[in-house]
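Visitor: Can you read through this structure? Questions will come right after.
Rule-based calculations on the coordinates, nothing more; no lab input. None of the values given here were measured: they were computed from a predicted structure. Cβ: placed from backbone, ideal geometry, glycine included. Neighbour counts: every protein chain shown.
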Number of protein chains: 2
Amino acid sequence: MSVDTDITQVVGARLVQLKRIDSENGSLVVGELPMQLPFVTRRIFTLFDIPEGEVRGTHAHRQCEQFLICMTGSVSAIVDDGAHKAEVLLDDPALGLYMPALTWGTQYKYSADAVLLVLASDPYDADDYIHEYDEFVALALQR
Amino acid sequence: MSVDTDITQVVGARLVQLKRIDSENGSLVVGELPMQLPFVTRRIFTLFDIPEGEVRGTHAHRQCEQFLICMTGSVSAIVDDGAHKAEVLLDDPALGLYMPALTWGTQYKYSADAVLLVLASDPYDADDYIHEYDEFVALALQR
């Protein structure tokens with residue numbers, strides 16, 4: 001399966017343009033339900049000081065939805081629905097990446113200054129993770 | 001009314017230590033309901049490129065609760081319940097500032113690289129804002 005840049009081929013995944021307001025008083029980016037944020041956030045996590053060459057993610061969730069925003073710096077994200085795979089560059093605090101449940105997500109090429117915020121629809125649950133790619137594909141292709 | 005650094009004197013406001021995990025693969029900070037995040041997030045906003053000397057906030061909300069995290073750089077935040085006022089420095093992505101409804105919030109002394117994330121419990125509603133300090137104090141002292 002090849003990786004392309006057309007995220008519209010990946011079931012449910014999408015890039016979301018947040019509202020950005022620039023003024024002489026500074027810059028403001030806003031996202032809210034239901035326009036920009038597709039779910040209510042019950043957990044957040046932030047990744048930073050990621051070493052060069054590090055690859056993170058490489059799992060999927062059974063139920064949990066996620067929304068990624070690179071607050072500063074840049075990171076590349078691959079989203080994979082089991083049949084199609086796309087890579088996008090997150091390098092703008094006004095750009096969100098929505099990953100529905102049953103998306104295999106990989107994040108890599110973190111810049112030294114990258115700060116990646118992830119909003120999640122659910123609290124942590126170890127049983128919600130799918131770590132085996134073959135198991136993921138079998139589940140994803142059933143949907 | 002003097003400003004001090006004892007946030008415990010300000011009704012409902014508090015600093016929240018998020019869970020931080022440092023490893024050779026990078027740093028991860030996590031906050032989730034109900035331990036660290038006191039409400040479900042329905043809106044986020046991000047402030048950056050704030051000019052030196054800029055003062056932001058200086059309003060309160062009737063219902064909306066907020067949770068502030070400075071993702072990079074630093075910013076000073078004043079929380080005021082109408083009777084007590086405290087100033088805290090937000091300079092750590094693992095440190096959250098919870099501001100309940102009816103808190104007069106002011107943010108200033110943004111460092112040039114500051115990126116301030118605000119999680120909000122409610123979508124935007126112009127009627128939820130209190131812009132007049134006297135009106136805020138009258139409401140706050142009734143609670």
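Visitor: Tell me the mean residue ellipticity at 222 nm calculated for chain A from its helices only (DSSP H runs of n ≥ 4, each -39500 (n - 2.57), averaged over every residue, nearest 500).
Guide: -2000 deg cm²/dmol
Visitor: List the distances, in nm to one decimal, from the label point of A:M35 to the label points of the same position in every other copy, shortest first, placing each label point 7 Å from Cα along the Cα-to-Cβ direction.
Guide: Label-point separations across copies, in nm and ascending: 3.5.
Visitor: For A:K19, give me every one of the lysines with a C-alpha distance below 28 angstrom, ignoring sequence neighbours fewer than eight places off in its own chain.
Guide: Answer for A:K19, where 28 Å is the Cα cut-off: A:K85, A:K109, B:K109, listed by chain and number.
Visitor: Here is a further query. Over chain B, with a Gaussian network built from C-alpha contacts below 10 Å, which listed residue (B:V55, B:V11, B:V88) shows the highest mean-square fluctuation?
Guide: In this elastic network of chain B, the residue with the biggest mean-square fluctuation among B:V55, B:V11, B:V88 is B:V55.
Visitor: Okay, moving on. Report the Rg/Rh value for the range A:3-140, based on alpha-carbon coordinates and the Kirkwood definition of Rh.
Guide: 0.96
Visitor: I'd like the antiparallel share, as a percent to the nearest 5, of DSSP beta bridges with both residues in the range B:3-140.
Guide: Antiparallel bridges make up about 95 percent of those DSSP assigns within the range B:3-140.
Visitor: Output, in nm with one decimal and in ascending order, the distances from the A:Q63 label point to the matching label points of the other copies (7 Å from Cα along Cα-to-Cβ).
Guide: Sorted ascending, the copy-to-copy spacings read 2.7 nm.
Visitor: If you don't mind, there's one more thing I want to ask. Given a 10 angstrom Cα cut-off, can you work out which residue in B:R42, B:R56, B:R14 is the most mobile in a GNM of chain B?
Guide: Taking springs between Cα atoms under 10 Å, the residue moving most is B:R42.
Visitor: Same structure, new question: What are the chymotrypsin sites (Phe, Trp or Tyr not before Pro) within the range B:111-143 that DSSP puts in a loop, where the Cβ has at most 16 other Cβ atoms within 10 Å? Working shown, then result.
Guide: Working: sites: B:Y124, B:Y129, B:Y133, B:F136; in loops: B:Y124.
Sparse-neighbourhood loop chymotrypsin sites (Phe, Trp or Tyr not before Pro): B:Y124.
Visitor: Which chain B residue hugs the B-A rotation axis most tightly by its Cβ, and what is that distance in angstrom, to the nearest whole number?
Guide: B:T41, 2
Visitor: In the Gaussian network model of chain B, springs joining C-alpha atoms below 10 Å, which of B:T106, B:T72, B:T46 carries the largest mean-square fluctuation?
Guide: Most flexible of the set in this elastic network: B:T46.
Visitor: Work from the charge dipole of chain A (Cβ charges, +1 for Lys and Arg, -1 for Asp and Glu, about the Cα centre) and give the residue of A:A112, A:A86, A:Q63 farthest towards its positive end.
Guide: Result: A:Q63.
Visitor: Count neighbours as other Cβ atoms within 10 Å of each site's Cβ, and list the GluC sites (Glu not before Pro) in the range A:1-96 that are DSSP loop with at most 11 such neighbours.
Guide: A:E24, A:E52
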